[in-house]
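Below: the structure, in structure tokens.
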Amino acid sequence: MEYQEEYNIEQEPAKRPEMLTVLCVLSFINAVWSALSNFISFAFYDTFQSLFAQMAAGEGIYEDMAEQMGDSWEIMAQASEMAFSIGRGYYFLEMVLYVASFVGVLMMWKLQKRGFHIYAIAQILMLIVITVFTKITFGPVLWTALFIAMYYPHYKKSMQ
């Protein structure tokens, strides 16, 4: 018994690097904000559709603003209408993937390697969903690649 106690060395808990902490905090903020906004867009989809239809027509509460803004109003109304020309399912899928991303970041916060895999898969699936529904690729690909690339060294060194 004495022999075992002599060599029973207590290990210090792994310390999270500062850069990993910063990345996780930024990812937490993004995941929570995006999941919440996608939930609201999904839950109130029909309400937003009718508001944007009124906005595009310059009717109702938007009538005075449409008159005052002229051509600028048309541009703004078209941009707003495009946001909700996307199907309702898009917002649900994005919400689910942002929740998965949050879970992955939470696991990386705890220095678990599985978190990196969950985060990366969720981010890649988001790119696929964005491409299928909106045909926009460059911006999201750039940010996804950047964050995965910044997380990767911590995956190799810090996570267990």
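Carbon and sulfur: what percent of the chain's accessible surface (1.4 Å probe)? Let's see the in-between values first.
On the way: 6940 of 10820 Å².
Heavy-atom surface of the chain belonging to carbon and sulfur, 1.4 Å probe: 64 percent.
Compute the angle between helix 71-83 and the longest alpha-carbon principal axis of the chain, please, reported from 0 to 90 degrees and rounded to the nearest 10.
50 degrees
When the chain is fully extended, how far beyond the present Cα-Cα distance does Phe133 get from Gln68, taking 0.36 nm per residue of separation? Could the numbers behind the result be given before it?
Values: separation 65, 0.36 × 65 = 23.40 nm, distance 3.38 nm.
Full extension of this stretch gives 20.0 nm more.
By the gyration tensor of its Cα atoms, with a ≥ b ≥ c the square roots of the eigenvalues, what is the shape of the chain: rounded for a/c under 1.5, prolate for a/b over b/c, or oblate?
Details: a/c = 3.43, a/b = 3.25, b/c = 1.06.
Prolate shape, in that a/c is at least 1.5 and a/b is the bigger ratio.
Report the local net charge at Ala100: Lys and Arg +1, Asp and Glu -1, summed over other residues whose C-beta lies under 13 Å from its C-beta. Walk me through the numbers before you get to the answer.
Numbers: positive: Arg114; negative: Glu94.
Summing Lys/Arg as +1 and Asp/Glu as -1 gives 0.
So for each of 21-31, 68-78, 118-128, 92-102 I average, over its residues, the number of other beta carbons within 10 Å; can you give me the resulting order with the highest mean first? List each step's numbers first, then the result.
Numbers: 21-31: 15.8, 68-78: 12.7, 118-128: 18.1, 92-102: 20.5.
Ranked by mean Cβ neighbours within 10 Å, highest first: 92-102, 118-128, 21-31, 68-78.
In segment 36-160, what is the count of Lys pairs whose alpha carbons are under 18 Å apart, counting only pairs at least 8 residues apart or on separate chains?
Working: Lys110/Lys156; Lys110/Lys157; Lys113/Lys156; Lys113/Lys157.
Lysine pairs meeting the criterion: 4.
Angle between the Cα long axis of helix 113-134 and the longest principal axis of the chain, 0 to 90 degrees, nearest 10?
20 degrees
Just from its helices, what would the mean residue ellipticity at 222 nm be for the chain, if runs of 4 or more DSSP H residues each count -39500 (n - 2.57) and the sum is divided by every residue, rounded to the nearest 500 deg cm²/dmol?
Result for the chain, helices only: -26500 deg cm²/dmol.
For Cα pairs less than 8 Å apart in space and 6+ apart in sequence, what is the mean separation divided by the residue count of the chain, i.e. the relative contact order in percent? Don't skip to the answer; put the middle values down first.
Values: 137 pairs, mean separation 42.8, N = 160.
About 27 percent, as a whole number.
Could you tell me which trypsin sites (Lys or Arg not before Pro) in segment 85-160 are loop residues by DSSP with no more than 16 other beta carbons within 10 angstrom of their beta carbon? Please report the intermediate quantities before stating the final value.
On the way: sites: Arg88, Lys110, Lys113, Arg114, Lys135, Lys156, Lys157; in loops: Lys110, Lys135.
Passing sites in segment 85-160 are Lys110, Lys135.
Round to a whole angstrom and tell me the spacing of the C-alpha centers of segment 19-64 and segment 87-160.
19 Å
What whole-number value in Å² describes the accessible area per residue of the chain for a 1.4 Å probe? Provide the component values of the computation, followed by the final result.
Values: 10820 Å² over 160 residues.
For the chain, the per-residue accessible area is 68 Å².
Determine the gain in length on full extension of the stretch Gln49-Ser80; use 0.36 nm per residue of separation and subtract their C-alpha separation, reporting nm with one decimal.
Details: separation 31, 0.36 × 31 = 11.16 nm, distance 0.97 nm.
Working it through step by step, the gained length comes to 10.2 nm.
The values are calculated or read from the model by the stated rules, or taken from the named source; none is laboratory data. Only a predicted model underlies this, so the values are computations on that prediction, with no experimental measurement involved. Because the Cβ atoms are built from the backbone with ideal geometry, glycine has one as well, and the counts that use them run over all protein chains shown. Quick note on the areas: whole protein, heavy atoms, side chains included, nothing else; ligands and nucleic acids left out. Shrake-Rupley method; radii C 1.70, N 1.55, O 1.52, S 1.80 Å.
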